[in-house]
1. To the nearest µm²/s, what D does Stokes-Einstein give for the range 187-227 at 25 °C and 0.890 mPa s, using the Kirkwood radius over alpha carbon pairs as Rh?
2. Would you mind computing, in nm to one decimal, how far apart the modelled labels at E36 and R3 are, each placed 7 Å from Cα along Cα→Cβ?
3. Give the dimensionless ratio obtained when the Cα radius of gyration of the range 260-309 is divided by 2.2 N^0.38 Å.
4. Under a no-solvent Debye model with one identical scatterer per Cα of the range 78-179, what's log10 I(q)/I(0) at q = 0.09, 0.14, 0.17, 0.18 Å⁻¹?
5. Along Cα→Cβ, 7 Å out, is where each label goes; now give me the distance between the ones at S234 and S251 in nm to one decimal.
6. To test your reading of the geometry: what angle, between 0 and 90 degrees and rounded to tens, separates the Cα axis of helix 55-69 from the longest principal axis of the chain?
7. Which value in Å does the Kirkwood hydrodynamic radius of the range 212-309 take, with 1/r averaged over all unlike C-alpha pairs and then inverted?
8. Please report the relative contact order for the chain, taking Cα pairs under 8 Å with a sequence separation of at least 6, and give it as a percent rounded to a whole number.
Amino acid sequence: MHRIVSLLPAATEISAALGLMDHVVAVSHECDFPKEANERPRVTHCPIHNAGLTSRLVDEWVRRALCDNGTIYVIDELLLRELRPDVIVTQRLCDICAVGYGTVAKLAQTLPGPPRIVNLEPTSLAEIFDDIRRVADVCDVRERAERLIQNLSGRVENVRKRAARIPHRPRCFLMEWVDPPFCSGHWGPELVEIAGGYDPLGRKHQPSAEVEWQHVLDACPEVIVLALCGYDISRARCDYELLVKFPGFDSIPAVRSGEIYVVNASAYFSRPGPRIVDSLEILAGILHPNEFSEFVSRGSGDLRVVRVD
């Protein structure tokens with residue numbers, strides 16, 4: 001069976017959902033789900049991972065590192081050689097999310113084998129499902145993928161059909177970063193749409209992008225969801241304290257009606273793996289709590305989503 005190195009949290013989750021976790025011999029520094037991932041050697045490192053920097057400083061450091069070095073990560077080449085992987089799963093979608101594809105591909109050519117590189121580059125829900133198939137095909141477990149996708153697709157259609165019956169589609173700003181402000185991209189606006197909302201600032205199937213704060217005010221969102229890239233609820237709450245100081249914040253309809261939520265984007269929204277469907281269900285519970293009561297936040301102790309007081 002294949003020896004797999006996963007350089008993406010989503011790839012690790014896909015491997016686990018396909019029953020391949022026993023064949024995953026190493027993971028990235030960010031892989032933390034399922035719990036078995038924390039028992040694997042880590043072949044990547046990022047100097048600012050868990051460094052406690054403010055969002056503004058993170059943004060500045062990332063921009064500078066990409067300009068100077070072309071990457072923000074370090075890969076442990078010696079360990080990778082010792083592990084002798086047959087498959088390396090990485091991505092070309094975003095240089096901020098993982099080691100650059102070019103770096104991995106170049107290194108892989110010098111490894112014994114050489115290992116096969118599997119590139120995951122989804123921009124939509126359908127492409128996330130295709131990536132599950134892609135990993136499954138390389139590891140000869142296509143039937144497992146089809147069963148998994150059938151289950152996930154059923155959950156998506158459950159939300160889609162119920163949300164389609166609701167006439168009001170609230171304006172929802174799915175925010176990927178606070179300082180500076182970023183709108184959502186790729187699959188984010190699509191999830192809002194399926195869940196019965198509309199993201200006037202989202203870039204559907206395109207990269208997320210920095211937006212002028214005035215554009216947020218002009219959009220008059222009825223709901224704001226802080227799905228901050230790589231942040232859990234606790235870290236997102238800290239950035240909410242920055243957001244409340246932005247000029248005109250109190251004038252936003254979502255603020256006046258108390259419809260602001262923080263979500264665990266690190267576990268859900270930022271990761272294009274099986275739990276992206278959980279993200280959809282979370283949004284459905286936010287946008288239409290009466291119709292989707294089973295997905296509504298369970299209070300301050302909920303590790304998925306919390307309504308900000």
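The values are calculated or read from the model by the stated rules, or taken from the named source; none is laboratory data. A quick note: this is a predicted structure, and the numbers were derived from the prediction, not measured. Reconstructed Cβ throughout: ideal geometry from the backbone, glycine too, with neighbour counts over all protein chains shown. Just so you know, the surface numbers come from the protein's heavy atoms only, side chains and all, with ligands and any DNA or RNA stripped out. Shrake-Rupley method; radii C 1.70, N 1.55, O 1.52, S 1.80 Å.
1. Values: Rh = 10.9 Å.
My calculation gives 225 µm²/s for D.
2. Distance between label points: 1.8 nm.
3. In units of the 2.2 N^0.38 Å rule of thumb, it is 1.05.
4. -0.38, -0.76, -0.95, -1.00
5. A separation of 3.7 nm, rounded to one decimal place.
6. Compared with the principal axis, the helix lies near 40 degrees.
7. Numbers: mean 1/r = 0.0724 Å⁻¹.
That comes to 13.8 Å for the range 212-309.
8. On the way: 570 pairs, mean separation 43.1, N = 309.
Relative contact order of the chain: 14 percent.
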